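The values are calculated or read from the model by the stated rules, or taken from the named source; none is laboratory data. Just so it is clear, the structure is predicted and the values come from calculations on it, not from any experiment. When we count neighbours, we look across all protein chains shown, and the Cβ atoms used for this are built from the backbone with ideal geometry, even at glycine. Just so you know, the surface numbers come from the protein's heavy atoms only, side chains and all, with ligands and any DNA or RNA stripped out. Shrake-Rupley method; radii C 1.70, N 1.55, O 1.52, S 1.80 Å.
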Amino acid sequence: MSFLRRVVSSSFPPQVFRFSKRPFKSSKFPRESQDESTSPSLVHGIHVFHCPDEVGIVAKLSECIASRGGNILNADVFVPEDNNVFYSRSEFVFHPAKWPRIQMDEDFQKLSRMFNAMNSVVRVPELDPRHKIAVFASKQDHCLVDLLHGWQDGRLPIQITSVISNHDRAPNTHVIRFLERHGIPYHYLRTTPKDKREKEILDLVQDTDFLVLARYMQILSGNFLNSYGRDVINIHHGLLPSFKGGHPAKQAFDSGVKLIGATSHFITEELDAGPIIEQMVERVSHRDNLQSFVQKSMDLEKQCLSKAIKSYCEMRVLPYEDNKTVVF
């Protein structure tokens, strides 16, 4: 699996790391809490860096920010023991008048050339656009509804451009009423084993930065993934691979499992085998009935998917080795 990237241009399109030949594009997200002494005129920025490891990288990164009057709020660094590579994610504040965005890009590009960086991305969340995403869902809508409310109340730094489904929802359902109220299109595309409607889907998602499969019970083909060319994030329950097929929750409940979970990962051509972004687990017991068991599983899926999307948008997810991620 190859990881590609290019540095943000002076026109500031959303752009960050790419997974599986699909670009991971960045977005605006709410400002995180800062020290009370931080001036309100200062702006929050993020920089992520991936390069061959050598002495002096952290010093040069710090010097780059400080030389323009910026101040680092926090920084994460990871250097694998068995691999001579360097990963970092830094959050900083700066004064836009003292460090214009074009100059900022030029400064970090110089660092990229100095250290032969494989990846180098800078983001200014208050100035840059939100991710534009399309959400895919089938009949179950718990993850879809959670994402819609997460977007509405500002928990998720995304712009939902459309919802695509192979399930036809009635006009008076909560989902359709919500979408109509907020002007978000709902596209019902009936699929069959021989026709997954992928050409039509591609036409609908061309203007998106990435896709989210919120319990979409269809498999996207390798041709679709290559044609789309950007990241696709999926969520599935943690009952796989032991409980496959229909009604996996009932299978697990009948088997008396004690732990359930959820996994959010990038989609690749290999089913449910893409790089993992987030995983969550919860204990269940003999006191749970089937209804409470299923509810706990659904809650985990919502929380896991939401956390994965937020981490992705905040540039916390970096490619690592062939099929792994670093998540700061």
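Report in % the part of the accessible area of the chain that belongs to carbon and sulfur, leaving out ligands and nucleic acids; probe 1.4 Å.
On the way: 7770 of 15460 Å².
Accessible surface attributable to carbon and sulfur in the chain totals 50 percent.
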Item to check | Ellipticity estimate at 222 nm from DSSP helix runs (n ≥ 4, -39,500 (n - 2.57)) divided over the chain, nearest 500 | outcome: -8500 deg cm²/dmol
Checklist outcome for this item: Note on the stretch 176-246: contact order normalised by length, alpha-carbon pairs under 8 Å, 6 or more apart, percent, works out to 27 percent
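Express as a percent, rounded to the nearest 5, the fraction of DSSP beta bridges in the chain (both residues included) that run antiparallel.
On the way: 41 of 58 bridges.
Bridges in the chain that DSSP calls antiparallel: roughly 70 percent.
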Checklist outcome for this item: Per residue, accessible area of the chain with a 1.4 Å probe, heavy atoms of protein chains only, in Å², comes to 47 Å²
Checklist entry - Pairing the Cα long axis of helix 142-152 with the longest principal axis of the chain, what angle in degrees results, from 0 to 90 and rounded to the nearest 10? => result 40 degrees
Next on the checklist: Can you return the aspartates and glutamates within cross-link range of Lys110? Criterion is Cα-Cα under 20 Å, with same-chain partners fewer than 8 residues away left out.
Outcome noted: Asp53, Glu54, Glu63, Glu91
Item to check | Most mobile listed residue (Arg101, Arg89, Arg113) in the chain, GNM with C-alpha springs under 10 Å | outcome: Arg113
Item to check | Net charge, Arg283 excluded, C-beta distance under 10 Å - Lys, Arg +1, Asp, Glu -1 | outcome: 0
Checklist outcome for this item: Comparing Asp128, Asp288, Asp107 in a Gaussian network model of the chain (Cα, 10 Å), the one with the largest mean-square fluctuation is Asp288
Checklist entry - Given charges of +1 on the Cβ of Lys and Arg and -1 on the Cβ of Asp and Glu, with all other atoms neutral, how large is the dipole of the chain about its Cα centre, in debye to the nearest 20? => result 720 debye
Item to check | Helix axis angle, 101-114 relative to the chain longest principal axis, alpha carbon, degrees | outcome: 90 degrees
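Please identify every one of the GluC sites (Glu not before Pro) in the stretch 225-319 that sits in a loop by DSSP and has no more than 13 other beta carbons within 10 Å of its own beta carbon. Present the calculation step by step, with values, prior to reporting the outcome.
Numbers: sites: Glu269, Glu270, Glu278, Glu282, Glu301, Glu314; in loops: Glu269, Glu270, Glu314.
Here the sparse-neighbourhood loop sites are Glu270.
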Item to check | Those aspartates and glutamates that a straight Cα-Cα span of less than 16 Å connects to Lys199, excepting residues fewer than 8 apart in one chain | outcome: Asp207
Checklist entry - By the scheme Lys and Arg +1, Asp and Glu -1, what is the net charge of all other residues having a beta-carbon under 13 Å from that of Glu63? => result +2
Checklist entry - Taking a spot 7 Å from the Cα of Glu200 along the direction of its beta carbon, which residues of the stretch 149-185 have an amide N less than 15 Å from it? => result 163-169
Item to check | Rel. contact order, % - alpha carbon contacts under 8 angstrom, at least six apart, the stretch 199-328 | outcome: 21 percent
Item to check | Percent RCO, i.e. relative contact order, over the chain, from Cα pairs under 8 Å lying at least 6 residues apart | outcome: 18 percent
